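Novice: Take this structure first; my questions come after.
Derivation of every value follows stated rules applied to the coordinates shown; laboratory data play no part. Since we're looking at a predicted model, the values are computed, not measured. As a convention, Cβ positions derive from the backbone with ideal geometry for all residues, glycine included, and neighbour counts pool all protein chains shown.
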Amino acid sequence: MKKVMLIFGTRPEAIKMCPLVHVLENHPAFRTVVCVTGQHRQMLDQILDCFQVTPQYDLCIMQQKQTLFDVTVNILLNIRAILETEQPDVVLVHGDTSTAFVTSLACFYLRIPVGHVEAGLRTYNLHSPFPEEFNRQAVDLIAKFYFAPTDRSRQNLIREGKPEKSIFVTGNTVIDALATTVRADYSHPEIEWAKGGRLILLTAHRRENLGLPMRHMFTAIRRVVDETPDVKLIYPMHMNPSVRETARRCFTGQDRIHMIEPMDVLDFHNVMARAYLIMTDSGGIQEEAPSLGKPVLVMRDTTERPEGLEAGTLRLVGTGEQPIYEAVMELLQNPDKYHEMEGATNPYGDGHASERIAEILETQL
Ligand code: UD1
Ligand code: UDP
């Protein structure tokens, strides 16, 4: 039996790795070990509870207002003993977080093979998203197996000279997760509250947007809500204190804006399925929203997920106050523009990415 170790640490990694944990745990060819770094705490635990995954190891590294130095050093120092004890045949990491980068680095030092789930996404701008573009490229420098979600990400890897036989197009495991969460009869107090109006769902947390860009983003959004009486907005706030401070400063005093705690993923996906439009700087939501047919305004200058732009459901609006304001108002006031962006397309696979990854590992290990 081959030993597969999955190491992750933040909310989005957990959402996309838990379906894979279940598939591997139920597969006779593997012994599965789960280690979380605890780069996130509450937001990670919420997802682990939801998917009923209990890690064998938890590095518990999160600190309030942690810097990239804190995260990097604490993971690197704590992961070594676990990797040396477990001696896995492969370590699977996900995406572009510091957890993924530092874990891969530790595996490289110990000569343990790495499989990169969600490999090959690129902006080719190391400052956007920061530091994620670097993290993702660095993991791909180290990885032995590349699980690319789309053919476009495969092409990026091939162009960079990665061996073709080590790249596998699997779809994105987020679609596996989504298939289990959205239900027609779902009820939640926020869904009840939003009835009778048009719901905007907001998420925002990117490191490069902290401070002034986020103030501009939130000011634009506040203007839109103030001026449009049938609009309600739900913002499940990221737990980063800097994000929360800006949100409270910009949104307090408007009853049609609900600033709430992070939602568990079942609630969040079901609210997303009922939203009129979504505003975000998140990565994962750019993959989920197209398959729900929801228009998404992406408050970033670049995206490593151009598939949704091509499909027409995503639009990049940057972080400036006026462009964001105008883009939202256009969608709210012009039904033709709204309908152009509406309509479900799913470039990210059929919901069986995890099974494909397991089959590939069975033949490759
Ligand atoms: C990290 C990832 C980013 C990902 C995001 C998902 C890196 C460099 N960044 O960024 O790619 O998009 O997660 O949300 O890996 N906090 C809590 N509780 C939590 C989570 C966070 O209190 O459960 C607070 C802490 O004060 C923490 C801060 O948020 O210091 C920032 O967390 P961190 O993981 O450093 O950065 P993110 O911006 O969340
Ligand atoms: N999400 C969630 N609860 C929330 C907000 C988001 O479960 O309150 C989910 C969302 O569906 C997506 C993921 O969290 O799958 C995105 O995480 P985040 O925006 O933190 O990170 P990113 O995708 O930008 O790395």
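Novice: Pairs please, first residue from segment 252-278 and of a type outside the set (A, V, I, L, M), second anywhere and within 16 Å of ligand 1 (Cβ to nearest atom), Cβ atoms under 6 Å, 6+ apart in sequence or on different chains.
Specialist: Pro262/Met43; Pro262/Pro236; Asp264/Gln46; Asp264/Cys50
Novice: Looking at Cys35, is it crowded, with 22+ Cβ neighbours inside 10 Å and farther than 17 Å from Thr103 by Cα? Spell out the reasoning first.
Specialist: Values: crowded, with 22+ Cβ neighbours inside 10 Å: yes; farther than 17 Å from Thr103 by Cα: no.
For Cys35, the condition - crowded, with 22+ Cβ neighbours inside 10 Å and farther than 17 Å from Thr103 by Cα - is not met.
Novice: Continuing with this model, one more query. Scan segment 218-239 and report the pairs whose first residue is among the aromatic types (Phe, Trp, Tyr) and whose second residue is within 14 Å of ligand 2 (Cβ to nearest atom) and not in a strand (DSSP E or B), with Cβ atoms within less than 9 Å and a gap of 6+ or a chain change.
Specialist: Final answer for the pair search is Phe218/Ala204; Phe218/Ala247; Tyr235/Ala204; Tyr235/Ala247.
Novice: In addition: Check every one of the strands (runs of 3 or more DSSP E) wholly within segment 23-123 and list those with 3 or more residues that are more than 28 Å from Thr303 (Cα to Cα).
Specialist: 30-36
Novice: So which of Glu307, Glu340 ends up being acidic (Asp, Glu), touching a residue at least 24 places away in the same chain (Cβ under 8 Å) and closer than 16 Å to Leu277 by Cβ?
Specialist: That would be Glu340, the only listed residue that is acidic (Asp, Glu), touching a residue at least 24 places away in the same chain (Cβ under 8 Å) and closer than 16 Å to Leu277 by Cβ.
Novice: Same structure, new question: Give the residues of segment 86-111 that are crowded, with 20+ Cβ neighbours inside 10 Å, more than 20 Å from Ile167 (Cβ to Cβ) and among the aliphatic types (A, V, I, L, M), sorted by residue number.
Specialist: If the condition is that a residue be crowded, with 20+ Cβ neighbours inside 10 Å, more than 20 Å from Ile167 (Cβ to Cβ) and among the aliphatic types (A, V, I, L, M), then Val102, Ala106 are the ones that fit.
A quick yes/no check of all residues on (1) assigned to a loop (DSSP other than H, G, I, E, B); (2) surrounded by fewer than 15 Cβ atoms within 10 Å (Cβ to Cβ):
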{"site": "Phe147", "(1), (2)": "no, no"}
{"site": "Arg154", "(1), (2)": "no, no"}
{"site": "Leu157", "(1), (2)": "no, no"}
{"site": "Lys162", "(1), (2)": "yes, no"}
{"site": "Phe168", "(1), (2)": "no, no"}
{"site": "Ser187", "(1), (2)": "yes, yes"}
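Novice: Go through Leu121, Leu110, Leu105 for me and flag whichever is free of Cβ contacts under 8 Å to residues at least 40 places away in the same chain, within 24 Å of Phe147 (Cβ to Cβ) and within 14 Å of ligand 1 (Cβ to nearest atom).
Specialist: Leu105
Novice: Just name the residue that is surrounded by the most Cβ atoms within 10 Å (Cβ to Cβ) out of those in segment 297-329 that are touching an Asp or Glu at 6+ places or on another chain (Cβ under 9 Å) and aliphatic (A, V, I, L, M).
Specialist: Top of the filtered list is Met299.
Novice: What residue, of Thr54, Thr97, Thr67, is without any contact (Cβ under 8 Å) to a residue 40 or more places away in the chain, within 11 Å of ligand 1 (Cβ to nearest atom) and on the phi < 0 side of the Ramachandran plot?
Specialist: Exactly one of Thr54, Thr97, Thr67 is without any contact (Cβ under 8 Å) to a residue 40 or more places away in the chain, within 11 Å of ligand 1 (Cβ to nearest atom) and on the phi < 0 side of the Ramachandran plot, namely Thr67.
Novice: On to the next question. Would you mind stating whether Val90 is out of contact with any Lys or Arg (no Cβ under 8 Å at 6 or more places or on another chain) and either more than 13 Å from ligand 2 (Cβ to nearest atom) or among the small types (Gly, Ala, Ser) (or both)?
Specialist: So Val90 fails the test.
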